[in-house]
Amino acid sequence: MLAVTDHLDRDPDLGRIGSELEPRPGRGRPDARADRPGGRRPSALGAAFVLAGLAMIPWVFYLSVTLPASARDAHWSLAWVGLDGCEAVALFATGWFLLRRDNRCVLIAVGSAVLLLVDAWFDVTSAATGPDLATAIVMAVFAEIPIALVCAVLAARVLRTPFPRG
């Protein structure tokens with residue numbers, strides 16, 4: 001297994017990241033259990049996530065054949081207001097951390113992108129035909145998806161070249 005610094009030496013873009021990726025004691029070795037809850041290795045947690053993702057596949061197929069074609073929800077407005085409220089908080093926090101030149105903006109920007117893409121998906125797939133669907137598509141194409149892409153690009157750029165500490 002290559003150490004993180006070996007990879008940084010070969011990749012000039014990653015080499016600019018600096019000390020954030022420097023190996024800590026116990027990191028990069030298969031037997032490392034450095035300061036983790038329960039002493040689990042990252043590989044065990046990674047395997048658990050892979051298995052969880054694979055377990056979702058039959059569940060998705062099951063839902064695709066058992067869910068009703070339509071449903072009535074007593075809390076429909078609350079669901080949409082909650083989602084849009086979460087987007088507002090996430091976008092505000094992304095801007096706040098970015099204005100402070102705080103590298104944690106990466107985490108919030110990724111969360112913002114995910115929320116916006118989920119909103120676009122559900123807006124389009126849950127809209128009735130006609131003007132509702134047209135509005136959902138316009139909002140997805142010209143607002144939600146582009147802003148999500150800006151958030152993703154921001155996160156990638158800050159990961160590549162973090163703000164200086166200080």
Within the range 84-103, take every residue that is closer than 15 Å to A156 by Cβ and out of contact with any Asp or Glu (no Cβ under 9 Å at 6 or more places or on another chain) and give me the one that is surrounded by the fewest Cβ atoms within 10 Å (Cβ to Cβ). L98
Scanning the range 130-166 for residues that are of a type in the set (D, E, K, R) and touching a helix residue (DSSP H, G or I) at 6+ places or on another chain (Cβ under 7 Å), which turns out nearest to R101 (Cα to Cα)? R160
Name the helices (runs of 4 or more DSSP H) wholly inside the range 1-98 in which the number of residues that are modelled with pLDDT under 95 and closer than 30 Å to F122 by Cβ is 2 or more. 42-66
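Could you name every one of the helices (runs of 4 or more DSSP H) located completely within the range 104-166 that has at least 3 residues being surrounded by 19 or more Cβ atoms within 10 Å (Cβ to Cβ)? Spell out the reasoning first.
Numbers: elements: 105-126, 131-139, 145-160.
Correct list: 105-126, 145-160.
The values are calculated or read from the model by the stated rules, or taken from the named source; none is laboratory data. Everything quoted here is computed from the prediction, not taken from an experiment. All Cβ positions, even for glycine, are placed from backbone atoms using ideal geometry, and neighbour counts span all protein chains on display.
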